[in-house]
Amino acid sequence: QEAWQLAVVQPPRVHPRDILVHGHWYLEVLAPRLRALAEAARPFADRCRDITAAAALLQDACVGVELFALRAKQAFGIYAAASGAAPEKGLKMSATAIREGLALIESLDLAPEWTQWTGISWPTSYPYGYLWPAATLFFWRRDHQIVARGIREACYLNLYDPVELGLPFSGYKSPLKGVARGLSSMFQWMPWIHTYAGCLSGPQGEPVLDEVNTLKTTPVPIAITDKSLL
């Protein structure tokens, strides 16, 4: 969806990896909105923290509010790092938000069978366990890795297997997946299209994410240098 700009479950967006192509729009439109969103969400999260101390029944709902505020903060940091406006500060902001978010999720004491990687694809937006991406903050951490490592692949750590999505109940899934994996491996060595190689097949196992306590906070050198955003 992201690689091919198909709005299946979410509207198309400009990924942090591509923000330099839209530098002016980022500086004039996106950065001020992300900062405003992060600032507006924080007071609600702070109020929720006080409420949960007094009423445990509201914990789930309030953790959601706090996670939203942290995601807004993390997104602001990621885009600031990707654009070059605040490379190290932005990644440190992202890393802090990830650690705080995981601590919040841990406080919910969710049952492991709800949050573990299942290894079984299912044709939904959450193919390997509904709560696994949320409990691990998979998408937060993947965005962080993409920016911190300067990754250009359009489908880095892709979760969505096109065969599983297109032919979930076909009796020919196994050979089709074999063909897709072969093409994916071949495309990795081909100029111009190697960046899309990961789009052709899903994961062979649980994606490897950087350790939370050692998240990289020094990104590759990039271009925009307007420091006023932070």
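Rounded to the nearest 20, the size of the Cβ-charge dipole of the stretch 93-173 about its Cα centre is 300 debye, with Lys and Arg at +1 and Asp and Glu at -1. Taking the charge dipole of the chain about its Cα centre, with +1 at Lys and Arg Cβ atoms and -1 at Asp and Glu Cβ atoms, the residue from Leu167, Phe138, His194 reaching farthest to the positive side is His194. Just to be sure I understand, if you calculate Cα extents along the principal axes in Å for this structure, which of (1) 62, 43, 43; (2) 67, 33, 24; (3) 54, 45, 31 do you get? Recomputing Cα extents along the principal axes in Å here picks out (3). With all protein chains kept in place, the per residue accessible area of the chain amounts to 56 square angstrom at a probe of 1.4 angstrom. Distance distribution note for the stretch 132-196: the fraction of Cα pairs above 14 angstrom is 68%.
Ordering Ser184, Pro219, Thr118 by Cα displacement along the dipole of the stretch 117-230 toward the positive end leaves Ser184 in first place; charges were set at the Cβ atoms of Lys, Arg (+1) and Asp, Glu (-1). Annotation: peptides 38-49, 66-77, ranked by per-residue average of other Cβ atoms within 10 Å with the highest first, follow the order 66-77, 38-49.
A simple rule links phi to the HN-Hα coupling: the Karplus curve 6.51 cos²θ - 1.76 cosθ + 1.60 with θ = phi - 60°, which for the stretch 104-113 gives 5, 4, 4, 5, 7, 6, 5, 5, x, 5 Hz, with x for Gly and Pro.
Apolar share of the accessible surface for the chain: 61 percent from carbon plus sulfur atoms, 1.4 Å probe. In a simple Cβ point-charge model (Lys, Arg +1; Asp, Glu -1; nothing else charged), the chain has a dipole of about 520 debye relative to its Cα centre. Using the Cβ of Ala40 as centre and a radius below 15 Å, the other residues enclosed give a net charge of +3, where K and R count +1 and D and E count -1.
The values are calculated or read from the model by the stated rules, or taken from the named source; none is laboratory data. Because the structure is predicted, anything quoted here is derived from the model rather than measured. Note: ideal-geometry Cβ built from the backbone for every residue, glycine included; neighbour counts use all protein chains shown. Accessible surface is based on the protein model in full, side chains and every heavy atom, while ligands, DNA and RNA are left aside. Shrake-Rupley method; radii C 1.70, N 1.55, O 1.52, S 1.80 Å.
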